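All of the numbers you see were taken from the coordinates with simple rules; none came from a lab. For clarity, every value in this text was computed on a predicted model and none was experimentally measured. Note that we place each Cβ from the backbone using ideal geometry, even for glycine, and neighbour counts take in every protein chain shown.
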Amino acid sequence: MFGWRARIGVLVPPGNPTMEPELYRMAPGGVSLHFARLEEAGAAAYASVAGGAAGLDDRIESYVRGLPGPARALSAVRPSVVVFGMTAASYGPRDRDAALVEQLAALTGTVAITAAGAIRTALEHLGVKRLALGTPYPEAISLQGRAYWEALGFTIVGYHRLPDVDNIYAENEQRAYQLARAADAPDADAVLLSGTGLPTASVLDVLERDLGKPVISSNQACLWHALHQAGIRGPVHGFGSLLAGTRP
C-alpha cells in the first residue's frame, strides 16, 4: 500500500511544473504524495498565461473561488494533511491565510496548511528574527510578500526581486541560487526563497554551505511542515538543514 506512513495531499496551480517533482524528490520512504490542480473560476478564468506576471492577482482570486472542486476530489485519497501550494496566495488580504486553512480543512476533513504558513512555522522553529527575502514575483506581489513577513514580526534585512522574469515556471536552479545570493545580508539569520514554482531543491545544500546560514524555500517548508503535521519524524538529507534537522 502506498502511503503506509502518511499520505500528503497537495493543491497546486494548474501551470506549476515544479512542485510535484521537487516534493517527490524530497519525500522520505513510506510517504506518498497526491496532487490536484487548482481550478480557475469566475469571469476572468484562464484569461492570462499561467506563470506570467500579467494577471497574477486575478488568477489567485480565481483559484480561491474554485477551491471546492479540487479540494473535495483530493480528499478521496484520505490524506493525513492537505497543502495549499501557492505562497503568493497568502500575500493578499490579511485574513486570507487563516481563511484558506479553515476552508480547506472543512472541504477535505483533515489538517490543512498553506505554503506561507509552513514557511512561518519553519522560520519560527529555526528562531529566525532577521530575514533575507528573495522573490520571483512582479513588483507589486513582491512588496506584498515583504509586508506580509514584516507584519508577522520578521525584520527584513535583505531583499531582492529576481529581474527579467517573463514566467516563473520557466526559471531554473541557477537563477534561484543567484537570487538567494543577491537577497542575503550579513546580519540575516536565514534566507527565504518564496514561490512553489521556483526550482530550488538541488541548490539548497550548496547555498547553505556558501552562505553559512539556513536557506528556506516554499516547497521544502511545505514538505517539512506537512511531515510534522502527519507525525513523520526523522532527517531528510540533501535538501537543506530544515529537513535534515541540522544547522548549516
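Loop-located trypsin sites (Lys or Arg not before Pro) in the range 23-106 (DSSP state other than H, G, I, E, B) with a sparse environment of at most 15 neighbouring Cβ atoms within 10 Å: Arg94.
Near Leu162, once Lys and Arg are set to +1 and Asp and Glu to -1 for all other residues with Cβ below 9 Å from its Cβ, the sum equals 0. Convex hull volume of the C-alpha atoms in the chain, normalised per residue: 105 Å³. Entry note, the range 197-244: relative contact order of 44 percent, from Cα contacts under 8 Å with a spacing of 6+ residues. Rounded to two decimals, the Cα-based Rg/Rh of the range 119-216, with Kirkwood Rh, is 0.93.
Taking every alpha-carbon pair under 8 Å whose residues sit at least 6 apart, the chain reaches a relative contact order of 20 percent.
Counted residue by residue at 0.36 nm each, then reduced by the alpha carbon distance between them, the extension gain from Ala151 to Ser202 reaches 15.3 nm.
Between Leu152, Leu193, Leu104, the residue with the greatest mean-square fluctuation in the GNM of the chain (Cα pairs under 10 Å linked by springs) is Leu152. Of all beta bridges that DSSP places with both ends in the chain, some 5 percent have antiparallel geometry.
Stretching Thr121 away from Trp4 to a fully extended chain increases their span by 39.6 nm, per 0.36 nm per residue minus the current alpha-carbon distance. Across the range 1-121, C-alpha contacts under 8 Å between residues 6 or more apart give a mean separation that, scaled by the residue count, equals a relative contact order of 28 percent.
Shape analysis of the range 42-183 yields a ratio of the Cα radius of gyration to the Kirkwood radius, Rg/Rh, of 0.97.
In the range 1-114, the convex hull through the Cα atoms has an average projected area of 7.0 nm², a quarter of its surface area.
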